[in-house]
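Following: one structure in structure tokens, then a few remarks.
Each reported figure results from applying straightforward, stated rules to the coordinates on display, with no laboratory input. The model shown is predicted, which means the values in this text are computed figures rather than measured ones. As a convention, Cβ positions derive from the backbone with ideal geometry for all residues, glycine included, and neighbour counts pool all protein chains shown.
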Amino acid sequence: MTNYKLNNLNLSKLKEQVSIPEYNRSNIKTGIVHVGIGGFHRAHQAYYTDELLHDESVKDWGICGVALLDFDTKIYNVLKEQDGLYTLIVKELDGTLTKRVIGSIVEYLFAPENPQAVIEKMASPDVKIISLTITEGGYNYNESTKQFDFNNPLIQYDLENPSSPKTIFGYLTQALKLRKERKLKGLSVQSCDNIQGNGHMTQKMLLSYVAKAEPELVDWINSNVSFPNAMVDRITPATSASDISNLKETSGIDDAWPVVCEPFKQWVIEDNFVAGRPSWEKVGAQFVEDVEPFEKMKLQLLNAGHSVLGIIGALMGYDTIDEVANNEDVNRFLRAYMRQEVAPILNDLTGVDLESYEASLLERFGNIYIKDQIDRICSESSAKFPIFILPTVNAQLKQNGTIKHAALVIAAWAIYSLGVNEAGKTLLIKDAMQSTLQEKALAAKNNPKAFLEIEAIFGVLKDSEPFVKAYTAAYHNIVKNGIEKCVLDTNRNLLKYI
Ligand code: CS2
């Protein structure tokens with residue numbers, strides 16, 4: 001098969017092999033600046049937008065993808081070489097692959113190379129939305145102080161060098177300042193990250209920064225910028241070398257960075273866009289007044305479920321989520337966690353059948369074709385646990401409820417943080433707090449409670465007697481009998497702390 005490099009010129013030649021954007025990309029104006037053009041954005045918001053752009057009356061909602069960090073240079077170069085095009089490969093439930101070239105990213109910028117261009121783009125009158133996937137840790141929120149973290153050296157840098165910022169907060173401040181000076185309209189800053197109240201979080205963190213950097217801008221932001229909350233969902237594993245070669249061999253597409261994902265997708269958005277928005281509801285998104293219950297459900301069941309499987313699976317020596325999800329004992333453990341610990345603390349979810357939602361999650365986790373990497377799931381756990389797992393624990397403790405499953409997972413995380421699995425194999429840990437985690441994990445060998453002393457993650461959890469008791473019992477059980485036996489004992493209600 002002839003191979004074609006994916007770009008504008010070759011697009012029509014690929015038409016036989018895959019679906020391609022059937023709209024004139026050169027006519028599409030940029031209405032959205034998106035920061036963080038990783039796999040998730042490209043499988044989710046950019047996909048929805050591409051679908052919408054097939055409606056020929058929609059011309060104003062192209063995306064300008066911004067690569068913010070030095071680390072993002074590769075994706076920027078790939079998008080530049082491929083004219084913003086990439087292939088989305090959906091791994092269907094029966095193992096077939098549905099491939100489609102996405103065209104909604106019509107511009108791309110590399111912030112470290114040209115910060116001014118990014119600021120100008122964000123300040124452009126055509127831009128109505130600045131959306132973000134900057135990861136859970138990217139919001140610069142300190143869990144123990146519940147405040148914006150001004151100690152972050154990058155934030156200090158931005159305060160001193162406002163015209164060449166490095167963080168999203170520096171960029172947004174400069175862009176909004178320009179909009180104000182030029183008497184332009186405001187816009188919406190839309191978070192697409194897995195955070196409870198992600199819009200509120202963005203607003204709170206940005207305003208804290210602006211109050212220090214440009215205090216006179218605060219009022220303008222309050223009156224002209226909205227921060228819609230949203231629940232976002234689509235499992236998007238890291239693209240593997242075989243995904244790339246397989247695409248080339250089966251479709252003749254030479255794409256340096258396709259995106260792979262599951263068929264399921266969901267986007268529930270608070271309808272709060274001051275400058276207008278795309279009609280994403282026409283392509284499957286839901287606009288609601290109150291998104292909080294949906295966010296809570298997704299974060300504390302799906303994302304937490306991932307962390308439960310990831311940490312336990314890593315210790316057991318599994319590589320992918322489907323492997324550990326299909327281990328019968330772990331599967332039962334996770335189901336019990338969802339039913340007994342999470343479901344009781346969720347808000348009213350009118351119209352949602354929670355039990356079937358939980359069942360669908362187990363099916364998605366168990367999908368053998370997705371092969372979502374345990375390393376991906378366990379990465380940055382220090383930013384994930386406070387959002388995915390700890391709210392459940394705190395709510396349960398408040399009502400003297402059960403916390404035994406979460407306690408086991410946190411004990412397993414303490415042991416995981418030593419960096420070796422139960423077979424003695426080194427674990428690849430990627431976490432901004434890695435050195436603290438490791439130091440406390442070492443101290444925990446003599447005194448398990450030491451791990452809970454990381455206040456930036458656990459807050460005051462170490463002061464909860466019932467939690468410490470359950471966690472310590474689980475810790476000793478794992479060390480003595482192994483994670484599998486500890487899971488089994490919890491399933492059978494055999495541990496003393498129950
Ligand atoms: C995962 C998420 O990062 C994680 O730990 O739980 O990336 C998850 O796959 C997505 O939120 C699915 O929507």
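Thinking of the stretch 4-288 as a set of Cα atoms, what percent of all their pairs are more than 23 Å apart? Considering the stretch 4-288, 53 percent of its Cα-Cα pairs are separated by more than 23 Å. For q values of 0.08, 0.12, 0.13, 0.16 Å⁻¹, compute log₁₀ I(q)/I(0) with the Debye formula on a Cα-only model of the stretch 292-491, without solvent. Treating every Cα as an identical point scatterer, log10 I(q)/I(0) equals -0.23, -0.54, -0.63, -1.00.
Between Rg and the Kirkwood Rh of the stretch 221-362, both from Cα atoms, what is the Rg to Rh ratio? Intermediate results must be reported in sequence, preceding the final value.
Details: Rg = 18.7 Å, Rh = 17.9 Å.
A ratio of 1.04.
Tally Lys/Arg at +1 and Asp/Glu at -1 over every other residue whose Cβ is under 9 Å from the Cβ of LYS29; what's the total? Residues near LYS29 contribute -1 overall. Helix 434-444 versus the longest principal axis of the chain: what is the Cα-based angle in degrees, 0 to 90, to the nearest 10? In the chain, helix 434-444 runs at an angle near 10 degrees to the longest axis.
Using the structure shown, list the pairs from LYS29/LYS204; LYS384/LYS440; LYS146/LYS449; LYS398/LYS445 with a Cα-Cα distance above 24 Å, or answer none. In this structure, LYS29/LYS204; LYS398/LYS445 lie more than 24 Å apart at Cα.
Helix-derived [θ] at 222 nm for the chain: sum -39500 (n - 2.57) over DSSP H runs of at least 4, divide by residue count, nearest 500? Display every interim value, and only then the final one.
Details: 22 runs with 209 residues, N = 498.
-12000 deg cm²/dmol, from helical runs alone.
One Cα centroid belongs to the stretch 451-498, the other to the stretch 368-399; the line between them spans 16 Å. Cross-linked pairs LYS166/LYS282; LYS430/LYS485; LYS15/LYS91: Cα-Cα separations exceed 29 Å for LYS166/LYS282.
Shown here are the Rg and Dmax of the Cα trace of the stretch 114-186, at 13.3, 39 Å. Only Cα pairs under 8 Å and 6+ residues apart enter the sum, and on that basis the relative contact order of the chain stands at 14 percent.
If you add up the charges near GLY419, with Lys and Arg at +1 and Asp and Glu at -1, over every other residue whose beta carbon is less than 14 angstrom from its beta carbon, what do you get? Show your work: numbers first, answer last.
On the way: positive: LYS425, LYS430, LYS440, LYS445; negative: ASP375, GLU422, ASP431, GLU439.
Summing Lys and Arg as +1 and Asp and Glu as -1 gives 0.
Which value, to two decimals, describes the C-alpha radius of gyration of the chain once divided by 2.2 N^0.38 Å?
On the way: Rg = 22.9 Å, N = 498, 2.2 N^0.38 = 23.3 Å.
Working it through for the chain, the quotient is 0.98.
For ASN152, no residue whose modelled amide H falls within less than 5 Å of its own remains once neighbours fewer than 5 places apart on the same chain are excluded.
For the stretch 197-288, calculate the relative contact order in percent as a whole number, restricting contacts to Cα pairs under 8 Å that are 6 or more residues apart. Write out the running numbers ahead of the final one.
Working: 99 pairs, mean separation 25.7, N = 92.
It rounds to 28 percent for the stretch 197-288.
Taking only C-alpha pairs under 8 Å that are 6+ residues apart, what is the relative contact order of the stretch 131-180 in percent? Walk me through the numbers on the way to the answer.
Details: 26 pairs, mean separation 9.2, N = 50.
After rounding, I find 18 percent.
Kindly work out what percent of the DSSP beta bridges joining two residues of the stretch 65-163 are antiparallel, to the nearest 5. Bridges in the stretch 65-163 that DSSP calls antiparallel: roughly 75 percent. Other residues within the sphere of radius under 13 Å centred on the Cβ of ALA359, judged by their own Cβ, net out at -1 (K and R +1, D and E -1).
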